[in-house]
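The values are calculated or read from the model by the stated rules, or taken from the named source; none is laboratory data. As the structure is a computational prediction, the values presented were derived from the model and not from experiment. Note that each Cβ is placed from the backbone with ideal geometry, even for glycine, and that neighbours are counted across all protein chains shown. Areas reflect the complete protein model, heavy atoms only, side chains present, ligands, DNA and RNA absent. Shrake-Rupley method; radii C 1.70, N 1.55, O 1.52, S 1.80 Å.
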Amino acid sequence: MEISSKENTHFFSNNTILPVDQSSFKSESSASKEKQSCCGGIKIFLGALSFVYFAKALSGSYLKSTITQIERRFDIPSSLVGVIDGSFEIGNLLIIILVSYFGAKLHRPRIIGAGCLIMSAGTFLIAMPQFFMERYRYERFPSTINSTVSISPCLQDKSQTPLSALEKSQAKINAGCEKEAGSSMWIYVLLGNLLRGIGETPIQPLGITYIDDYAVEENAALYIGCVQTAAIIGPIFGFLLGSLCAKLYVDIGFVDLDSVTISPKDVQWVGAWWLGYLIAGVISILAGIPFWFLPKHLPKPGSRKDSSTSSEQSKFIIEENKDQRTSYQQQTKLAQMAKFLPSLKNLFGNPVFILYLCASIIQFNSLIGMVTYKPKYIEQQYGQTSSKTNFVIGLINIPAVAFGIFSGGLIMKKFRISVLGAAKLSLGSSFFGYLLLLSLFAMGCENSDVAGLTVSYHGTKPMTAYKQALFSECNSGCSCSKHDWDPICGEDGVTYASACLAGCRASNGTGKNTVFFNCSCVGSFESSQSSSAVVGPCQKGNECPKMFLYFLVISVITSYTLSVGGTPGYILLLR
């Protein structure tokens, strides 16, 4: 019996020692595998999310770059273009609260993937009117009806014009700035941008929280920084794409380009605005594909696990308890969703959050308007082409924003700024940034000399309303419309609203090579002899290129200053 008891003791000792060694070995190996799978999964999600941020930023910035092109193509006012641009935020606001709350309890990667598909559908819808509208027509008063008959822009001697050509020209005079029948198709652009806003909604709240949940705590800030960097790179390519498409004629691929008689410098030029939306839509589809194959949950890193869910304890949970736990979670999910309104009430009861929300509304109210109409402002104020404007914004302003965001994060880390310090830094950068913006009012060019608008036909400031001032003794014998804007530049350096209002009675050439002769209003206050004029407005004064350079320098400094407070403001929101 003693021998047998000793053997049993030895047997149990062996059996108790070996499993401990095996279990410890297994726990170490499983922990290392779990860590590898966690790191691999979160890095794949990080790469996919960065690409999505790049895609949505590219399409959004490309829309800003095509504002003037859409305005000319659909013949709509700037106020309506602002509504079209704001429809993105309207779509965002429709579902952002519901997506942010309920989306976190569902399959977040697939919701982001579905958002990408909706975003790409909206981007394609914006480009659709180009394939259903008539070809773009830009010559309002053509210089020749056929190869033998030449029409006088002044139309003084009506006997010189064939009846059909005269009736056609007179109908255009009476119609004035008549919109073409297909101009109402801007509604598709608005609906497409609205869809873009709906599809973009889940990307930021669900993507950032997914990273924050499953990334190692010390790496979370780095991962979010990578995503924000991709969001900054997107607008650079968006504006460069806008610059490239603005150089291409709107109906490229539909008409013979050799028959196009205007250049990108012409006021009637419309670039291939639709082409970039097709490219952006394809990129959005490609960006959404990886999210359909990512899991709903990733294994959390050990440093972020609860002691109650440690691997040592989870080993002893039997399958029955797992089933019970799963059923319990399903039962409580609806109860958690029912807490939506109380959670919203608690959030809006936070005074810091309310102040931050009000400050953000005021700030973005001004910044979005500035970014939307900045390309048009540069075109109109400094006489730059749409292509050059987009190129300058994409290559100069956007990198300054990226450098400012990076500098803000570097300042936060180096000086270990607290939450209160982050609020002060964000306030200071906004204050000095808006002071710099005020200085841009002094960087404008003087108004061009336009006969009947800024100067009279006698070289003095007009004292009457512009409708009456457009007509003078020199063009009194012409049948002109006061609504047309087909500017020409006279030899006297003054811009005239149209060749007819300049009193031109003869022309030579077609399109951009047209030269008008016997213009009774050109040089009428300098000499008694009539002069010639060419197509297009006169160039700005010699000081305008210098002022444009000053504008770019101040604009870059302003963009950097405002962006420095971006990272501290984001940290303030999270805390």
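Ranking 135, 575, 110, 196 from most to least accessible surface, computed with a 1.4 Å probe over the protein chains only, gives 575, 110, 135, 196. Note that region 405-422 has calculated 3J(HN,Hα) couplings of 4, 5, 5, x, x, 5, 5, 4, 6, 5, 9, 6, 6, 7, 5, 5, x, 5 Hz, one per residue in order, obtained from phi through the Karplus relation 6.51 cos²θ - 1.76 cosθ + 1.60 (θ = phi - 60°); glycine and proline are x.
Using the average count of surrounding beta-carbon atoms within 10 Å as a protection proxy, the listed peptides 264-271, 73-80 rank, highest first, as 264-271, 73-80.
Each of the peptides 377-384, 60-67, 410-417 was scored by the mean count of other Cβ atoms within 10 Å over its residues; in descending order, highest first, they stand as 60-67, 377-384, 410-417. Net charge in the neighbourhood of residue 255 (other residues with Cβ under 12 Å of its Cβ; Lys, Arg +1, Asp, Glu -1) is -2.
Heavy-atom accessible surface of residue 212, to the nearest 10 Å², is about 70 Å², with a 1.4 Å probe and all protein chains retained. In this structure residue 292 has an accessible area near 100 Å², from a 1.4 Å probe over the protein heavy atoms. What residues qualify as long-range amide H neighbours of residue 506, i.e. H under 5 Å apart, gap of 5 or more or another chain, H built at 1.01 Å from N? When sequence neighbours closer than 5 places are left aside, the close amide H contacts are 517. Measuring only protein heavy atoms, the 1.4 Å probe finds residue 458 accessible over about 120 Å².
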